[in-house]
Amino acid sequence: MKDVIVGLQWGDEGKGKVVAFFSQFYDAVVRYSGGSNAGHTIEYNDEIKIVNHLLPSFYIKKSIELIISAGVVVDLEILYNEIENLKNKIEILPEIKISNLSHIVLPVHKKLDEKYDSVNKIGTTKRGIGPAFADRVNRLGIRIKDLENEKKLQKKVERISAIYEKIFGITFDFNDLKKFYNYLKPYITSQLEIIEDIKNKKVLFEGTQAVLLDLDMGTYPYVTGSNCSTSGVHSGIGFPVKLDNLLGVFKAYLTRVGNGPFPTELTGEEAELLRNKGKEFGATTGRPRRVGWLDLVLLKYAISVSGVNEMIMTKGDILNGLEKIPVCIGYKINGKFVDKILDIEEIEEAEPIYTYLDGWHDVKDYTFKKYIAFIEDFVGVKIKGFSFGPKVDQIKIF
Ligand code: GDP
Ligand code: IMO
Ligand code: MG
């Protein structure tokens with residue numbers, strides 16, 4: 001069994017929590033794309049709360065393998081801190097495998113991310129993600145395996161530092177990496193071994209970011225630097241994995257961090273209320289998340305390009321107590337009614353058209369079920385269950 005869980009909006013749908021819950025049914029959880037731009041908050045109980053940036057999310061009551069595959073760009077310091085933090089929080093550390101083919105996010109990548117974003121205002125997480133992926137494509141990147149061989153590494157470092165100094169005027173700084181590498185050494189595994197290892201296991205692939213932030217199918221250029229949608233699994237593993245189930249996670253409303261179009265965005269007091277109620281502040285950067293109503297046209301688009309065949313809705317509890325809930329069912333674009341996206345760039349000019357559904361006081365109410373049924377009917381994909389609180393076990397599967 002090989003399944004994938006991805007976000008269907010602009011990230012922060014609660015994927016981490018959903019992956020943590022479902023991982024109890026698998027042997028391994030694999031991260032296949034992104035890097036430490038991800039922030040997945042997992043609340044196990046009142047005492048244990050973890051924010052993962054690089055480690056896969058997992059269920060703590062079961063032994064499980066956590067794999068960081070070649071498609072992930074790894075910030076060694078962040079990973080070191082994450083493992084240390086985990087050791088302090090839980091008794092037995094899961095087995096961790098880090099691909100030797102993963103590219104390393106270098107301090108220069110973070111500096112360059114800042115520089116680029118000050119002009120090309122995407123509103124990135126400044127975690128060096130774009131520049132690290134760009135160096136990978138430019139064949140300049142340093143991979144984890146490169147740290148094994150001092151001499152070869154020196155040559156690569158000289159080459160990359162010359163380029164950074166000449167082209168970008170940025171001084172290359174490489175000192176601390178060895179310390180973190182030595183710490184992480186016991187976990188480093190060849191990508192081939194990872195491929196062999198997962199072949200006959202029950203594996204859950206954990207998406208980061210989301211379909212609308214996917215490098216190709218998202219709201220380009222306001223996207224991240226990797227194929228974080230379902231299509232990224234194959235290249236991120238380096239093997240054409242046959243996926244059985246593709247599960248999409250979406251929030252009962254919508255959020256976005258960073259810049260880019262957002263047709264159903266709220267402003268002013270209404271936005272403040274929803275943001276505070278939903279605790280919508282970035283897990284990675286602490287930035288207030290932009291908030292708005294559920295956009296079913298975008299959800300349908302995300303489903304169609306990701307091939308998702310079932311869904312989980314999260315955070316319906318945040319909307320408890322609203323009398324009516326606006327849901328976007330179409331747009332007016334250049335005077336025309338549109339309810340299907342053919343070119344995602346068009347949403348920059350879209351004016352949302354809403355229908356107003358009855359609210360609920362509690363997710364056990366009939367009107368909550370009707371909200372779910374309305375969404376299923378509109379997008380044509382089954383909602384398998386819903387999450388109704390931040391804790392891992394606060395999830396109801398139908
Ligand atoms: P991710 O990046 O998709 O994993 O999502 P984040 O962890 O960045 O953001 C989701 C936030 O909502 C986290 O703080 C979760 O603990 C919390 N959360 C997840 N599901 C629910 C839910 O159903 N209800 C509530 N109230 N909070 C939730
Ligand atoms: P999780 O996995 C929400 C957004 C950034 C920015 C754009 C590009 O927690 O859902 P990047 O640093 O990747 O070059 O930034 O993508 N972004 C996210 N937004 N959740 C995330 O991850 C994100 N990762 C990147 O805010 O708009
Ligand atoms: Mg997040």
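Averaging over all projection directions, find the projected area of the Cα convex hull of the stretch 280-338 and quote it in nm² with one decimal place. Kindly include the intermediate steps, with their values, before the conclusion.
Values: hull surface 25.9 nm².
One quarter of the hull surface, i.e. the mean projection, equals 6.5 nm².
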- Note to self: with every protein chain in place and a 1.4 Å probe, the chain gives an accessible area per residue in Å² of 44
- Query: Where q = 0.06 Å⁻¹, what log10 of I(q)/I(0) comes from the Debye formula for the chain, counting one point per Cα?
  - Reply: -0.23
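Report for the stretch 303-396 the percent antiparallel among DSSP-assigned beta bridges with both residues inside it, nearest 5. List each step's numbers first, then the result.
Working: 13 of 16 bridges.
Antiparallel bridges make up about 80 percent of those DSSP assigns within the stretch 303-396.
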- Message: Along the Cα→Cβ direction, 7 angstrom out, place labels at K370 and Q24. What is the inter-label distance in nm?
- Response: 3.3
- Convex hull per residue volume in Å³, alpha carbons only, for the stretch 142-211: 157
- Answer check: the stretch 35-98, Cα atoms, Kirkwood Rh, Rg/Rh ratio of 0.93
- If you project the alpha carbons of the stretch 83-129 onto the principal axes, what extent comes out on each, in Å, largest first? 46, 25, 16
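I need the chymotrypsin sites (Phe, Trp or Tyr not before Pro) found in the stretch 161-248, filtered to DSSP loop residues with at most 10 other beta carbons within 10 Å of theirs.
Answer in residue order: no site qualifies.
If the chain between N334 and K152 were fully stretched, how many nm would it gain, using 0.36 nm times the residue separation less the Cα-Cα distance? Intermediate results must be reported in sequence, preceding the final value.
Values: separation 182, 0.36 × 182 = 65.52 nm, distance 5.69 nm.
Here the answer is 59.8 nm.
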- Message: Checking the cross-link filter: which aspartates and glutamates have an alpha carbon closer than 19 Å to that of K332, excluding same-chain neighbours under 8 positions apart?
- Response: E265, D295, D343, E345, E346, E348, E349, E351
- Message: Quick check: the distance between the Cα centres of the stretch 6-23 and the stretch 277-306, to the nearest angstrom?
- Response: 12
- Loop-resident trypsin sites (Lys or Arg not before Pro) in the stretch 252-355 with no more than 15 other Cβ atoms inside 10 Å, DSSP not H/G/I/E/B, are K279, K340
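Above 25 Å lies some portion of the pair distances; for the stretch 250-397, what is it as a whole percent of all C-alpha pairs? Intermediate results must be reported in sequence, preceding the final value.
Values: 3008 of 10878 pairs.
Value for the stretch 250-397 (Cα pairs over 25 Å): 28 percent.
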- Message: In whole percent, and with a 1.4 Å probe on the protein chains, what portion of the accessible area of the chain is carbon and sulfur?
- Response: 51
- Item | Anisotropy class of the stretch 156-305 from Cα gyration tensor, a/c 1.5 cut | oblate
- Query: What's the longest bit of the chain with no exposed GluC sites (Glu not before Pro), using DSSP loop states and at most 12 other Cβ atoms within 10 Å as the test?
  - Reply: 92-322
- Query: Taking square-rooted eigenvalues a ≥ b ≥ c of the alpha carbon gyration tensor, is the stretch 310-398 rounded, prolate or oblate, where a/c under 1.5 means rounded and, failing that, a/b exceeding b/c means prolate?
  - Reply: prolate
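Expressed as a rounded percentage, what relative contact order does the chain have, with Cα pairs under 8 Å and six or more residues apart?
Values: 864 pairs, mean separation 83.8, N = 398.
Relative contact order here is 21 percent.
Test of understanding: express the Cα radius of gyration of the stretch 104-180 as a ratio to 2.2 N^0.38 Å, with N the residue count. Present the calculation step by step, with values, prior to reporting the outcome.
Values: Rg = 12.5 Å, N = 77, 2.2 N^0.38 = 11.5 Å.
For the stretch 104-180, the normalised Cα radius of gyration is 1.09.
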- Note on the structure: Here, E323 and E346, labelled 7 Å along Cα→Cβ, have an inter-label distance in nm of 3.5
- Between V51 and E84, with labels modelled 7 Å along Cα→Cβ, what's the label distance in nm to one decimal, could you check? 1.7
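Pairs K17/K61; K17/K62; K97/K145; K17/K324: which are spaced more than 21 Å apart, C-alpha to C-alpha? Please list the in-between numbers first.
On the way: K17/K61 14 Å; K17/K62 15 Å; K97/K145 13 Å; K17/K324 28 Å.
Beyond 21 Å: K17/K324.
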- Measure of compaction for the stretch 11-63 (Cα Rg per 2.2 N^0.38 Å): 1.07
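About the Cα centre, and with charges only on the beta carbon of Lys, Arg (+1) and Asp, Glu (-1), how big is the dipole of the chain? Nearest 20 debye, please.
Values: 54 positive and 54 negative charges, 180 e Å.
For this selection, approximately 860 debye.
Compute the Kirkwood hydrodynamic radius of the stretch 191-276, taking the inverse of the mean of 1/r over all pairs of distinct Cα atoms, and give it in Å to one decimal.
Numbers: mean 1/r = 0.0649 Å⁻¹.
One over the average 1/r among Cα pairs gives 15.4 Å for the stretch 191-276.
The values are calculated or read from the model by the stated rules, or taken from the named source; none is laboratory data. Because the structure is predicted, anything quoted here is derived from the model rather than measured. Neighbour counts run over all protein chains shown; Cβ positions are idealised from the backbone, glycine included. We work out accessible area using only protein heavy atoms, side chains counted, and drop any ligands, DNA or RNA first. Shrake-Rupley method; radii C 1.70, N 1.55, O 1.52, S 1.80 Å.
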